[in-house]
Amino acid sequence: MANPSYTVTLRIETPVDAQAVPKATRVITDNGGMITGLDMVKTDEKILTFDITCLTLDLAHAKVLRSHLQADPEVKVLGIHDSTVQAHLGGKIEVTLKRPLKTRQDLSRIYTPGVATICERIAEDPEEARRLTIKRNTVAVVTDGTAVLGLGDIGPTAAMPVMEGKAALFKNFANVDAFPICLDTKDTEEIISIVKAIAPGFGGINLEDVSAPRCFEIERRLRDELDIPVFHDDQHGTAVVVLAALINALRLVDKAIEDVKIVVSGVGAAGNAIIRLLIGQGATDIIGAGRAGTLGAFRQEADPDRNWLALNTNPRRVEGSLKDALVDADVFIGVSAGNILKGEDIATMADDAIVFALANPTPEVDPSAAGKHAAVVATGRSDYPNQINNVLAFPGLFRGMLDVQARQVTDGMLVVAANAIANAVEEEQLNAAYIIPGVFHKGLADKVAAAIREEFSNGKKTNL
(Lines give C-alpha, C1' and ligand atoms only; values in the text may rest on other atoms or scores of the structure.)
Protein backbone atom coordinates (compact mmCIF):
# COMPACT_ATOMS: atom_id res chain seq x y z
CA MET A 1 0.00 0.00 0.00
CA ALA A 2 1.29 3.48 -0.83
CA ASN A 3 2.73 5.57 1.97
CA PRO A 4 0.84 8.89 2.24
CA SER A 5 4.00 10.65 3.41
CA TYR A 6 5.85 9.98 0.16
CA THR A 7 4.49 11.90 -2.80
CA VAL A 8 6.12 12.20 -6.22
CA THR A 9 5.21 13.93 -9.44
CA LEU A 10 6.10 12.21 -12.72
CA ARG A 11 6.43 14.50 -15.74
CA ILE A 12 5.43 12.47 -18.80
CA GLU A 13 5.80 13.21 -22.48
CA THR A 14 3.88 11.25 -25.13
CA PRO A 15 2.62 11.69 -28.69
CA VAL A 16 -0.76 13.39 -28.80
CA ASP A 17 -3.33 10.63 -28.33
CA ALA A 18 -6.72 10.60 -26.62
CA GLN A 19 -5.67 7.43 -24.79
CA ALA A 20 -2.23 8.68 -23.68
CA VAL A 21 -3.31 9.93 -20.24
CA PRO A 22 -5.65 6.99 -19.42
CA LYS A 23 -2.92 4.54 -20.41
CA ALA A 24 -0.37 6.26 -18.15
CA THR A 25 -2.73 6.40 -15.16
CA ARG A 26 -3.58 2.73 -15.61
CA VAL A 27 0.11 1.76 -15.59
CA ILE A 28 0.62 3.67 -12.34
CA THR A 29 -2.41 2.25 -10.51
CA ASP A 30 -1.73 -1.28 -11.76
CA ASN A 31 1.73 -1.08 -10.22
CA GLY A 32 0.80 0.16 -6.76
CA GLY A 33 0.73 3.94 -7.18
CA MET A 34 -2.18 6.00 -5.85
CA ILE A 35 -2.90 8.99 -8.10
CA THR A 36 -3.81 12.24 -6.33
CA GLY A 37 -3.48 14.77 -9.13
CA LEU A 38 -3.22 15.28 -12.88
CA ASP A 39 -2.00 18.50 -14.53
CA MET A 40 -1.52 19.33 -18.18
CA VAL A 41 1.78 21.14 -18.75
CA LYS A 42 1.80 21.89 -22.48
CA THR A 43 0.87 20.47 -25.84
CA ASP A 44 1.24 21.11 -29.54
CA GLU A 45 0.13 19.22 -32.62
CA LYS A 46 2.48 16.32 -31.94
CA ILE A 47 3.59 16.19 -28.27
CA LEU A 48 1.60 16.15 -25.01
CA THR A 49 3.36 16.86 -21.69
CA PHE A 50 1.56 16.28 -18.40
CA ASP A 51 2.26 15.69 -14.70
CA ILE A 52 0.85 12.85 -12.62
CA THR A 53 1.15 13.26 -8.84
CA CYS A 54 0.86 10.04 -6.87
CA LEU A 55 1.56 8.37 -3.57
CA THR A 56 4.30 5.75 -3.60
CA LEU A 57 6.10 3.58 -1.09
CA ASP A 58 9.39 5.39 -1.62
CA LEU A 59 11.65 6.75 -4.35
CA ALA A 60 12.58 3.24 -5.47
CA HIS A 61 8.89 2.52 -6.06
CA ALA A 62 8.60 5.72 -8.11
CA LYS A 63 11.51 4.57 -10.27
CA VAL A 64 9.73 1.25 -10.83
CA LEU A 65 6.68 3.18 -12.04
CA ARG A 66 8.92 5.13 -14.39
CA SER A 67 10.34 1.94 -15.87
CA HIS A 68 6.84 0.53 -16.45
CA LEU A 69 5.73 3.75 -18.15
CA GLN A 70 8.79 3.79 -20.39
CA ALA A 71 8.21 0.20 -21.41
CA ASP A 72 6.12 1.90 -24.08
CA PRO A 73 8.77 3.25 -26.52
CA GLU A 74 6.63 6.31 -27.26
CA VAL A 75 6.51 7.41 -23.59
CA LYS A 76 9.24 9.47 -21.94
CA VAL A 77 9.35 10.27 -18.21
CA LEU A 78 11.17 13.60 -18.13
CA GLY A 79 11.62 13.67 -14.38
CA ILE A 80 10.56 12.45 -10.96
CA HIS A 81 9.90 15.33 -8.60
CA ASP A 82 10.06 14.17 -4.98
CA SER A 83 7.85 16.37 -2.77
CA THR A 84 10.01 15.63 0.27
CA VAL A 85 13.09 16.86 -1.59
CA GLN A 86 11.14 19.89 -2.81
CA ALA A 87 10.21 20.72 0.78
CA HIS A 88 13.90 20.82 1.72
CA LEU A 89 15.26 22.83 -1.23
CA GLY A 90 17.32 25.67 0.19
CA GLY A 91 16.52 24.57 3.74
CA LYS A 92 13.34 24.88 5.78
CA ILE A 93 14.01 27.98 7.88
CA GLU A 94 15.17 31.55 7.30
CA VAL A 95 15.99 34.76 9.18
CA THR A 96 13.55 37.67 8.83
CA LEU A 97 13.51 41.20 10.20
CA LYS A 98 11.26 42.14 13.11
CA ARG A 99 11.61 45.89 12.49
CA PRO A 100 11.44 47.93 9.24
CA LEU A 101 14.73 48.84 7.58
CA LYS A 102 13.75 51.15 4.75
CA THR A 103 14.95 54.61 5.70
CA ARG A 104 18.11 56.30 6.98
CA GLN A 105 16.33 56.81 10.30
CA ASP A 106 15.61 53.07 10.50
CA LEU A 107 19.26 52.37 9.80
CA SER A 108 20.48 54.76 12.48
CA ARG A 109 18.28 53.10 15.08
CA ILE A 110 18.92 49.48 14.15
CA TYR A 111 22.62 49.87 13.37
CA THR A 112 25.01 52.74 13.78
CA PRO A 113 24.98 55.05 15.69
CA GLY A 114 21.99 53.95 17.77
CA VAL A 115 23.19 50.43 18.39
CA ALA A 116 26.15 51.72 20.41
CA THR A 117 23.80 52.83 23.17
CA ILE A 118 22.40 49.30 23.44
CA CYS A 119 25.90 47.79 23.48
CA GLU A 120 26.88 50.09 26.34
CA ARG A 121 23.80 49.12 28.34
CA ILE A 122 24.60 45.42 27.94
CA ALA A 123 28.28 45.98 28.78
CA GLU A 124 27.17 47.66 32.01
CA ASP A 125 24.53 44.99 32.77
CA PRO A 126 24.88 41.71 30.80
CA GLU A 127 21.37 40.66 31.91
CA GLU A 128 20.03 43.32 29.55
CA ALA A 129 20.98 40.99 26.68
CA ARG A 130 17.98 38.85 27.62
CA ARG A 131 15.74 41.86 27.03
CA LEU A 132 17.42 43.73 24.18
CA THR A 133 18.78 40.98 21.88
CA ILE A 134 17.65 37.74 20.28
CA LYS A 135 18.91 35.95 23.38
CA ARG A 136 15.43 36.61 24.75
CA ASN A 137 13.87 34.16 22.31
CA THR A 138 16.65 32.05 20.84
CA VAL A 139 17.69 28.42 21.28
CA ALA A 140 20.68 26.62 19.77
CA VAL A 141 19.87 23.12 18.50
CA VAL A 142 23.26 21.45 18.82
CA THR A 143 24.35 18.07 17.46
CA ASP A 144 27.44 16.16 16.43
CA GLY A 145 25.39 13.86 14.20
CA THR A 146 26.27 10.69 16.09
CA ALA A 147 22.78 9.41 16.96
CA VAL A 148 20.35 10.77 14.37
CA LEU A 149 16.80 9.43 14.49
CA GLY A 150 16.98 5.80 13.35
CA LEU A 151 20.01 6.55 11.18
CA GLY A 152 22.80 6.47 13.76
CA ASP A 153 26.16 8.14 13.25
CA ILE A 154 25.70 9.94 9.91
CA GLY A 155 27.80 12.98 10.75
CA PRO A 156 27.01 16.68 11.25
CA THR A 157 26.34 17.62 7.62
CA ALA A 158 23.81 14.85 7.03
CA ALA A 159 22.20 15.73 10.38
CA MET A 160 21.40 19.27 9.21
CA PRO A 161 17.91 18.47 7.81
CA VAL A 162 16.87 17.04 11.18
CA MET A 163 18.19 20.04 13.10
CA GLU A 164 16.45 22.40 10.66
CA GLY A 165 13.25 20.43 11.17
CA LYS A 166 13.62 20.77 14.94
CA ALA A 167 14.08 24.53 14.53
CA ALA A 168 10.94 24.65 12.38
CA LEU A 169 8.97 22.86 15.12
CA PHE A 170 10.21 25.33 17.72
CA LYS A 171 9.00 28.22 15.59
CA ASN A 172 5.71 26.70 14.51
CA PHE A 173 4.52 25.47 17.89
CA ALA A 174 6.00 28.03 20.31
CA ASN A 175 7.35 30.97 18.28
CA VAL A 176 10.87 30.22 19.52
CA ASP A 177 13.70 31.15 17.16
CA ALA A 178 16.00 28.14 16.98
CA PHE A 179 19.24 27.76 15.02
CA PRO A 180 20.76 24.44 13.87
CA ILE A 181 24.36 24.14 15.07
CA CYS A 182 26.08 21.03 13.65
CA LEU A 183 29.54 20.40 15.07
CA ASP A 184 32.24 18.56 13.15
CA THR A 185 33.73 16.89 16.18
CA LYS A 186 32.97 13.94 18.45
CA ASP A 187 35.36 15.03 21.17
CA THR A 188 33.46 15.60 24.41
CA GLU A 189 35.72 18.38 25.67
CA GLU A 190 35.67 20.16 22.33
CA ILE A 191 31.88 20.03 22.12
CA ILE A 192 31.59 21.43 25.65
CA SER A 193 34.07 24.19 24.82
CA ILE A 194 32.30 25.19 21.59
CA VAL A 195 28.84 25.29 23.15
CA LYS A 196 30.14 27.39 26.05
CA ALA A 197 31.76 29.77 23.55
CA ILE A 198 28.55 30.35 21.56
CA ALA A 199 26.23 30.44 24.57
CA PRO A 200 26.17 34.27 25.00
CA GLY A 201 23.97 34.55 21.91
CA PHE A 202 21.32 32.09 23.10
CA GLY A 203 18.69 31.83 25.81
CA GLY A 204 18.85 28.03 25.86
CA ILE A 205 20.68 25.00 24.46
CA ASN A 206 18.85 21.99 23.02
CA LEU A 207 21.25 19.07 22.64
CA GLU A 208 20.04 16.73 19.92
CA ASP A 209 21.07 13.33 18.62
CA VAL A 210 24.32 13.05 20.61
CA SER A 211 25.19 9.42 21.28
CA ALA A 212 25.34 7.85 24.74
CA PRO A 213 27.21 7.74 27.01
CA ARG A 214 28.98 10.97 25.90
CA CYS A 215 25.66 12.84 25.97
CA PHE A 216 25.44 12.41 29.76
CA GLU A 217 28.80 14.05 30.42
CA ILE A 218 28.22 16.81 27.86
CA GLU A 219 24.84 17.73 29.30
CA ARG A 220 26.01 17.48 32.91
CA ARG A 221 29.03 19.72 32.35
CA LEU A 222 27.14 22.30 30.33
CA ARG A 223 24.38 22.48 32.94
CA ASP A 224 27.01 23.13 35.61
CA GLU A 225 29.01 25.66 33.62
CA LEU A 226 26.33 27.74 31.81
CA ASP A 227 23.73 30.17 33.12
CA ILE A 228 21.06 29.18 30.56
CA PRO A 229 18.93 26.01 30.33
CA VAL A 230 20.63 22.99 28.72
CA PHE A 231 18.20 20.28 27.64
CA HIS A 232 18.97 16.97 25.92
CA ASP A 233 15.70 16.25 24.15
CA ASP A 234 16.45 12.59 23.44
CA GLN A 235 16.64 12.10 27.19
CA HIS A 236 14.38 14.55 28.93
CA GLY A 237 11.90 15.35 26.17
CA THR A 238 11.12 11.66 25.90
CA ALA A 239 10.92 11.31 29.68
CA VAL A 240 8.45 14.21 29.99
CA VAL A 241 6.05 12.81 27.39
CA VAL A 242 6.32 9.28 28.81
CA LEU A 243 5.47 10.60 32.27
CA ALA A 244 2.52 12.57 30.86
CA ALA A 245 1.16 9.49 29.11
CA LEU A 246 1.74 7.30 32.16
CA ILE A 247 -0.11 9.75 34.44
CA ASN A 248 -3.21 9.38 32.28
CA ALA A 249 -2.80 5.65 31.64
CA LEU A 250 -2.55 4.94 35.39
CA ARG A 251 -5.59 7.15 35.96
CA LEU A 252 -7.48 5.10 33.40
CA VAL A 253 -6.66 1.72 35.00
CA ASP A 254 -6.95 3.12 38.54
CA LYS A 255 -3.43 2.32 39.69
CA ALA A 256 -0.93 4.50 41.60
CA ILE A 257 2.64 5.03 40.43
CA GLU A 258 3.89 4.10 43.92
CA ASP A 259 2.31 0.66 43.63
CA VAL A 260 3.05 -0.48 40.08
CA LYS A 261 5.86 -2.66 38.79
CA ILE A 262 7.57 -0.97 35.83
CA VAL A 263 9.94 -2.55 33.31
CA VAL A 264 12.04 -0.32 31.02
CA SER A 265 13.68 -1.90 28.00
CA GLY A 266 16.67 0.18 26.92
CA VAL A 267 18.99 1.89 29.40
CA GLY A 268 20.64 4.41 27.10
CA ALA A 269 19.92 8.13 27.03
CA ALA A 270 16.12 7.94 26.95
CA GLY A 271 15.78 4.98 29.30
CA ASN A 272 18.10 6.55 31.86
CA ALA A 273 16.13 9.82 31.91
CA ILE A 274 12.76 8.05 32.03
CA ILE A 275 13.78 5.91 35.00
CA ARG A 276 15.20 8.86 36.94
CA LEU A 277 12.09 10.99 36.35
CA LEU A 278 9.75 8.15 37.33
CA ILE A 279 11.72 7.55 40.53
CA GLY A 280 11.39 11.24 41.29
CA GLN A 281 7.62 10.88 40.89
CA GLY A 282 7.38 8.11 43.44
CA ALA A 283 7.89 4.91 41.44
CA THR A 284 9.44 2.34 43.75
CA ASP A 285 9.66 -0.82 41.63
CA ILE A 286 11.44 -0.24 38.32
CA ILE A 287 13.54 -2.79 36.47
CA GLY A 288 15.83 -1.65 33.67
CA ALA A 289 16.83 -4.17 31.03
CA GLY A 290 19.58 -3.97 28.43
CA ARG A 291 21.08 -6.40 25.95
CA ALA A 292 22.67 -8.40 28.76
CA GLY A 293 19.43 -8.66 30.73
CA THR A 294 18.17 -6.94 33.85
CA LEU A 295 20.20 -4.40 35.78
CA GLY A 296 20.58 -4.68 39.54
CA ALA A 297 22.93 -4.39 42.46
CA PHE A 298 23.99 -7.97 41.73
CA ARG A 299 26.08 -6.82 38.71
CA GLN A 300 28.65 -4.04 38.40
CA GLU A 301 28.21 -1.85 35.33
CA ALA A 302 31.21 -0.20 33.68
CA ASP A 303 29.33 2.95 32.71
CA PRO A 304 28.71 5.14 35.80
CA ASP A 305 25.23 6.26 34.70
CA ARG A 306 24.16 2.69 34.04
CA ASN A 307 25.71 1.60 37.32
CA TRP A 308 23.62 4.25 39.13
CA LEU A 309 20.52 2.65 37.63
CA ALA A 310 21.71 -0.79 38.74
CA LEU A 311 22.13 0.41 42.32
CA ASN A 312 18.89 2.40 42.50
CA THR A 313 16.39 0.11 40.76
CA ASN A 314 15.24 -3.52 40.81
CA PRO A 315 14.48 -3.77 44.54
CA ARG A 316 13.27 -7.37 44.11
CA ARG A 317 16.63 -8.29 42.53
CA VAL A 318 15.06 -9.92 39.48
CA GLU A 319 17.83 -11.50 37.42
CA GLY A 320 17.32 -12.71 33.88
CA SER A 321 16.00 -11.55 30.56
CA LEU A 322 13.53 -8.81 29.64
CA LYS A 323 10.86 -11.47 29.30
CA ASP A 324 11.60 -12.73 32.81
CA ALA A 325 11.19 -9.20 34.18
CA LEU A 326 7.85 -8.73 32.41
CA VAL A 327 6.06 -11.43 34.40
CA ASP A 328 3.41 -9.72 36.59
CA ALA A 329 4.67 -6.23 35.62
CA ASP A 330 2.06 -3.47 35.41
CA VAL A 331 3.92 -1.21 32.97
CA PHE A 332 6.29 -1.86 30.07
CA ILE A 333 8.22 1.07 28.56
CA GLY A 334 10.35 0.26 25.54
CA VAL A 335 13.03 2.60 24.19
CA SER A 336 15.20 -0.09 22.65
CA ALA A 337 14.72 -2.18 19.49
CA GLY A 338 11.90 -3.49 17.36
CA ASN A 339 10.26 -6.91 17.50
CA ILE A 340 11.93 -8.16 20.67
CA LEU A 341 8.62 -9.21 22.26
CA LYS A 342 5.47 -11.03 21.19
CA GLY A 343 1.88 -10.77 22.30
CA GLU A 344 2.37 -13.86 24.48
CA ASP A 345 5.02 -11.97 26.48
CA ILE A 346 2.55 -9.17 27.17
CA ALA A 347 0.05 -11.81 28.30
CA THR A 348 2.37 -12.63 31.24
CA MET A 349 1.99 -9.11 32.62
CA ALA A 350 -0.48 -8.11 35.34
CA ASP A 351 -4.14 -7.38 34.66
CA ASP A 352 -4.82 -3.97 33.07
CA ALA A 353 -1.24 -3.77 31.84
CA ILE A 354 0.16 -0.63 30.20
CA VAL A 355 2.51 -1.01 27.21
CA PHE A 356 4.55 1.85 25.75
CA ALA A 357 6.45 0.31 22.79
CA LEU A 358 8.36 3.36 21.56
CA ALA A 359 11.10 1.99 19.28
CA ASN A 360 10.88 3.56 15.82
CA PRO A 361 10.02 2.72 13.15
CA THR A 362 9.33 -0.80 14.46
CA PRO A 363 7.98 -1.04 18.04
CA GLU A 364 9.30 -3.58 20.54
CA VAL A 365 6.04 -5.51 20.16
CA ASP A 366 3.38 -5.37 17.50
CA PRO A 367 0.78 -2.90 18.88
CA SER A 368 -2.16 -5.02 17.69
CA ALA A 369 -0.75 -8.11 19.38
CA ALA A 370 -0.05 -6.16 22.57
CA GLY A 371 -3.56 -4.72 22.53
CA LYS A 372 -5.05 -8.19 22.90
CA HIS A 373 -3.59 -8.43 26.40
CA ALA A 374 -2.89 -4.85 27.60
CA ALA A 375 -5.42 -2.23 28.68
CA VAL A 376 -3.44 0.64 27.15
CA VAL A 377 -0.92 0.62 24.28
CA ALA A 378 1.16 3.56 23.07
CA THR A 379 3.89 3.80 20.43
CA GLY A 380 6.20 6.38 18.90
CA ARG A 381 4.42 6.11 15.56
CA SER A 382 1.82 8.38 14.02
CA ASP A 383 -0.24 5.56 12.51
CA TYR A 384 -1.33 4.13 15.87
CA PRO A 385 -3.23 5.78 18.74
CA ASN A 386 -1.32 7.40 21.62
CA GLN A 387 1.81 8.62 19.85
CA ILE A 388 4.57 9.47 22.35
CA ASN A 389 6.21 12.37 20.51
CA ASN A 390 8.74 14.81 21.96
CA VAL A 391 7.15 17.69 20.07
CA LEU A 392 4.46 17.63 22.76
CA ALA A 393 7.05 18.80 25.29
CA PHE A 394 10.07 20.75 24.07
CA PRO A 395 8.44 23.76 22.33
CA GLY A 396 6.23 24.71 25.28
CA LEU A 397 8.90 23.87 27.84
CA PHE A 398 11.47 26.13 26.18
CA ARG A 399 8.84 28.83 25.61
CA GLY A 400 8.14 28.85 29.32
CA MET A 401 11.82 28.77 30.33
CA LEU A 402 12.66 31.68 28.01
CA ASP A 403 9.71 33.66 29.35
CA VAL A 404 10.85 33.31 32.97
CA GLN A 405 14.52 33.75 31.97
CA ALA A 406 15.41 30.40 33.54
CA ARG A 407 19.06 29.66 34.18
CA GLN A 408 18.69 25.88 34.20
CA VAL A 409 16.27 23.05 33.54
CA THR A 410 15.06 21.42 36.75
CA ASP A 411 13.24 18.19 37.46
CA GLY A 412 10.44 20.36 38.79
CA MET A 413 10.04 21.99 35.38
CA LEU A 414 9.92 18.58 33.69
CA VAL A 415 7.18 17.43 36.06
CA VAL A 416 5.17 20.63 35.56
CA ALA A 417 5.44 20.18 31.78
CA ALA A 418 4.37 16.52 32.01
CA ASN A 419 1.33 17.37 34.09
CA ALA A 420 0.35 20.19 31.72
CA ILE A 421 0.48 17.75 28.80
CA ALA A 422 -1.50 15.13 30.72
CA ASN A 423 -4.11 17.68 31.80
CA ALA A 424 -4.67 18.72 28.18
CA VAL A 425 -6.72 15.51 27.90
CA GLU A 426 -10.04 16.29 29.54
CA GLU A 427 -11.47 13.73 31.97
CA GLU A 428 -14.40 12.96 29.69
CA GLN A 429 -12.04 12.45 26.74
CA LEU A 430 -9.73 10.00 28.47
CA ASN A 431 -9.87 6.47 27.08
CA ALA A 432 -7.54 3.66 26.04
CA ALA A 433 -7.00 5.21 22.59
CA TYR A 434 -6.54 8.75 23.89
CA ILE A 435 -4.21 9.12 26.85
CA ILE A 436 -2.02 11.81 25.30
CA PRO A 437 -2.80 14.84 23.10
CA GLY A 438 -2.03 14.74 19.40
CA VAL A 439 0.95 16.66 18.06
CA PHE A 440 -1.37 19.31 16.57
CA HIS A 441 -3.46 19.68 19.72
CA LYS A 442 -4.50 23.32 19.65
CA GLY A 443 -2.68 25.50 22.16
CA LEU A 444 -0.76 22.66 23.84
CA ALA A 445 2.60 24.47 23.79
CA ASP A 446 0.88 27.54 25.22
CA LYS A 447 -0.53 25.44 28.07
CA VAL A 448 2.88 23.95 28.86
CA ALA A 449 4.52 27.38 28.75
CA ALA A 450 1.79 28.89 30.91
CA ALA A 451 2.28 26.15 33.50
CA ILE A 452 6.03 26.89 33.62
CA ARG A 453 5.39 30.62 33.96
CA GLU A 454 2.81 30.07 36.71
CA GLU A 455 5.08 27.81 38.72
CA PHE A 456 8.47 29.45 38.22
CA SER A 457 8.02 33.18 37.58
CA ASN A 458 8.04 36.18 39.92
CA GLY A 459 10.52 34.64 42.30
CA LYS A 460 8.15 31.80 43.27
CA LYS A 461 10.99 29.32 42.83
CA THR A 462 14.66 29.82 43.59
CA ASN A 463 16.07 27.14 41.28
CA LEU A 464 15.90 29.18 38.07
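The values are calculated or read from the model by the stated rules, or taken from the named source; none is laboratory data. Note that the structure is predicted; figures quoted are calculated from it, not measured. A quick note on method: Cβ atoms are made from the backbone with ideal geometry, for glycine too, and the neighbour counts reach across all protein chains shown. Note: accessible area is taken over every heavy atom of the protein model, side chains too, but ligands, DNA and RNA are not part of it. Shrake-Rupley method; radii C 1.70, N 1.55, O 1.52, S 1.80 Å.
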How much mean residue ellipticity at 222 nm does the chain get from its helices, if each DSSP H run of length 4 or more adds -39500 (n - 2.57) and you divide by all residues, to the nearest 500 deg cm²/dmol?
-11500 deg cm²/dmol
DSSP loop (so not H, G, I, E, B), at most 11 other Cβ within 10 Å: list which chymotrypsin sites (Phe, Trp or Tyr not before Pro) in the stretch 393-453 pass both filters.
PHE440
Just add up the charged neighbours of GLY145: K/R +1, D/E -1, any other residue whose Cβ is under 11 Å from the Cβ of GLY145.
-4
Straight-line reach from LYS42: which aspartates and glutamates fall under 14 Å, measuring Cα to Cα and dropping same-chain residues less than 8 apart?
GLU13, ASP17, ASP51
Given a 1.4 Å probe and every protein chain left where it sits, what share in percent of the accessible area of the chain is carbon and sulfur?
52
Accessible area in square angstrom per residue, the chain, 1.4 angstrom probe
48
Modelled label reach - VAL41, point 7 Å along Cα→Cβ, the stretch 63-91 residues with backbone N closer than 18 Å
63-87
Of LYS98/LYS442; LYS186/LYS447; LYS102/LYS135; LYS255/LYS447; LYS102/LYS442, those spanning more than 28 Å from alpha-carbon to alpha-carbon
LYS186/LYS447; LYS102/LYS442
If the reach is capped at under 16 angstrom between alpha carbons, list the lysines near LYS23, excluding any in the same chain fewer than eight residues apart.
LYS76
Roughly how many whole Å is it from the C-alpha centroid of the stretch 182-217 to that of the stretch 103-136?
28
Starting from the stretch 219-322, pick out the GluC sites (Glu not before Pro) whose DSSP state is loop and whose Cβ has at most 10 other Cβ atoms within 10 Å.
GLU258
Between ALA450 and ALA433, what length in nm is gained on full extension when 0.36 nm per residue of separation is reduced by their alpha carbon distance?
3.5 nm
Can you give me the Cα centroid spacing of the stretch 391-464 and the stretch 259-292 in angstrom?
22
How long is the gain from ASP328 to ASP352 if the chain were fully straight, where each residue apart is worth 0.36 nm and the alpha carbon distance is subtracted?
7.6 nm
Hey, can you rank 377-386, 79-88, 189-198 by average C-beta count inside 10 Å, highest first?
377-386, 189-198, 79-88
Just order 18-29, 268-279 by mean Cβ neighbour count inside 10 Å, highest at the front, would you?
268-279, 18-29
Quick check: residue separation of ARG317 and ASP72 times 0.36 nm, minus the Cα distance between them. What number comes out in nm?
81.4 nm
Using amide H atoms built 1.01 Å from N in the peptide plane, name the residues 5+ places from ASP285, or on other chains, whose amide H lies under 5 Å from its own.
ILE262
Per principal axis, descending, Cα span of the chain in whole Å
79, 73, 47
